[in-house]
């Protein structure tokens, strides 16, 4: 992720260009760099991210708590979190964009070897079976046992921003971006077969314990960070961390999430 510099103006806000490794994204960075004056990310007011949703997640993690908003333009295979790519009026689009505040989940995981791990997730924290054996999980919310035994391929906790990602593929609910909710969604549940998950307050603390861990090993994943052979995870929204995203007016994340629920 390198910044590109040139000698033309991009308005009053100093912008930095970062791009994924994809050829299309790198070419876009070169073209925009020749059209607009840019600076390095540590000296900018706004980050312009060129790539797909995976790259946007990387940028959100990288610039977490910096106060630097990220304006993404789609140069990847998936672009739900990105604006449409255009080389025209970049500074004006940024100036008119709507801001979305994103708070991540913080996962604390305990592995079978006794080690403790911590990671942030913008989209979701998931637990997944590591072998042919289904996982057996025990679920508590705010210290109260809610499900003594869930037999499944896995389970995930999704933020509103992540509710249209893996959560949606697992038939979880879509959550408006400003709703103070989290989705707790099972992945291929076997028992109880009819349980389809739960919507929880964003302040809820979710604890998931792995049963029969030696026979049924489970991994935990926070966005792109995986911990193998976990025994237990605790997940809660991190109120001390935040990232800022910019969206073109009329195409805000709220609008996209609403549109997704109506199938267009």
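What follows is calculated from the coordinates using simple rules that are stated; it is not laboratory data. In this text, all values refer to a predicted model and were calculated from it rather than measured experimentally. So basically every Cβ, Gly included, is an ideal-geometry build from the backbone, and we count neighbours across all protein chains shown.
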Region 44-92: proportion of alpha-carbon pairs further apart than 13 angstrom, %:
53 percent
Express in % the proportion of alpha carbon pairs of region 105-237 at distances exceeding 26 Å.
11 percent
Starting with the highest mean, order 63-76, 240-253 by the number of other Cβ atoms within 10 Å, averaged over the residues of each peptide.
63-76, 240-253
By the C-alpha gyration tensor axes a ≥ b ≥ c (rounded if a/c is under 1.5, else prolate when a/b exceeds b/c, else oblate), the shape of region 1-145 is prolate
Helix 53-62 vs. the chain, principal-axis angle (Cα, 0 to 90°, nearest 10)
90 degrees
Distance in nm between residue 115 and residue 153 label points, each 7 Å along Cα→Cβ, equals 2.8 nm
With angles folded into 0 to 90 degrees, how steeply does helix 23-35 sit against the dominant principal axis of the chain? Use alpha carbons for both and round to 10.
30 degrees
For a Förster distance of 35 Å, can you work out the FRET efficiency between the beta-carbons of residue 191 and residue 95, rounded to the nearest 0.05?
0.05
Kindly give the semi-axes, whole Å and largest first, of the ellipsoid equivalent to the chain, taking each as the square root of 5 times a Cα gyration tensor eigenvalue.
38, 18, 16
